[in-house]
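Heads up, the thing below is written out as structure tokens.
The values are calculated or read from the model by the stated rules, or taken from the named source; none is laboratory data. This is a predicted model, so every value here is computed, not measured. Here Cβ is always computed from backbone atoms with ideal geometry, including for glycine, and neighbour counts include all displayed protein chains. To get the accessible areas, we keep the full protein, side chains included, count just its heavy atoms, and leave off ligands, DNA and RNA. Shrake-Rupley method; radii C 1.70, N 1.55, O 1.52, S 1.80 Å.
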Amino acid sequence: MTKVTMTVNGKPRTAEAEGRTLLVEWLREGLRLTGTHVGCDTSQCGACVVHVNGEAVKACSVLAQEIDGAEVTTVEGMANADGSLGKIQQAFQDYHGLQCGFCTPGMVMSTAALLKDNPKPTEAEVRHYLEGNICRCTGYHNIVKAVMAASGQEVAPVAAE
Ligand code: FES
Ligand code: FES
């Protein structure tokens with residue numbers, strides 16, 4: 001075991017890691033930041049997406065020791081300072097972009113990365129960018145609406161269910 005320290009959601013955090021400890025395990029088990037989910041063992045689902053040094057990364061595909069000293073943002077870091085939902089999270093709630101919520105942390109983190117690089121994406125660009133995030137529940141339409149709304153673009157209201 002080696003002590004690994006990273007700046008997580010703006011604060012220095014330290015926890016032990018074995019050489020094989022994945023970033024997602026380090027966050028969930030070492031720091032108890034359980035908002036980052038594990039939905040597969042093949043690096044396909046995107047439930048584990050976090051930002052490492054400003055880039056969206058699948059936290060199940062990175063070893064914690066390899067990025068000792070990195071700056072990491074998880075979904076817990078996406079809320080406003082007063083604890084209320086951040087803009088992207090609020091848009092997912094407003095546009096019913098989630099059902100079970102399992103994929104949502106990864107969706108939110110991928111959306112944040114997309115909007116940083118492309119603040120006004122088209123729907124096609126949103127769908128293309130989120131290809132690495134799998135949702136079993138929503139059929140994606142409301143996720144796309146949520147992302148469009150989070151980018152400040154006009155979105156047709158969600159039909160009542
Ligand atoms: S848990 Fe990382 S991609 Fe599925
Ligand atoms: S809301 Fe259930 S997996 Fe996406």
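Side notes on the structure shown:
- Within the range 97-161, the trypsin sites (Lys or Arg not before Pro) that combine a DSSP coil assignment with at most 16 other C-beta atoms in a 10 angstrom radius are 136.
- Heavy-atom accessible area for residue 110, with the other protein chains in place and a 1.4 Å probe, reaches approximately 10 Å².
- From phi via Karplus (6.51, -1.76, 1.60), per-residue ³J(HN,Hα) for the range 78-88 in Hz, x at Gly/Pro: 9, 6, 6, 4, 7, x, 6, 5, x, 4, 5
- The value obtained for the range 15-161, namely the Cα convex hull volume divided by the number of residues, is 113 Å³ per residue.
- Of the accessible area of the range 53-118, computed with a 1.4 Å probe over protein heavy atoms only, carbon and sulfur atoms account for 47 percent.
- More than 20 angstrom apart: percent of Cα pairs within the range 2-78: 17
- Note on residue 80 and residue 116: with the Förster distance fixed at 25 Å, the Cβ-Cβ geometry gives a FRET efficiency of about 0.90.
- The range 40-59-the range 107-141 distance, computed between alpha-carbon centres (Å): 13
- When you filter the GluC sites (Glu not before Pro) in the range 53-148 for DSSP loop state and at most 10 other Cβ atoms inside 10 Å of their Cβ, nothing is left.
- Of all lysines in the structure, those lying under 25 Å Cα to Cα from residue 145, and not within fewer than 8 positions of it along the same chain, are 58, 87, 116, 120.
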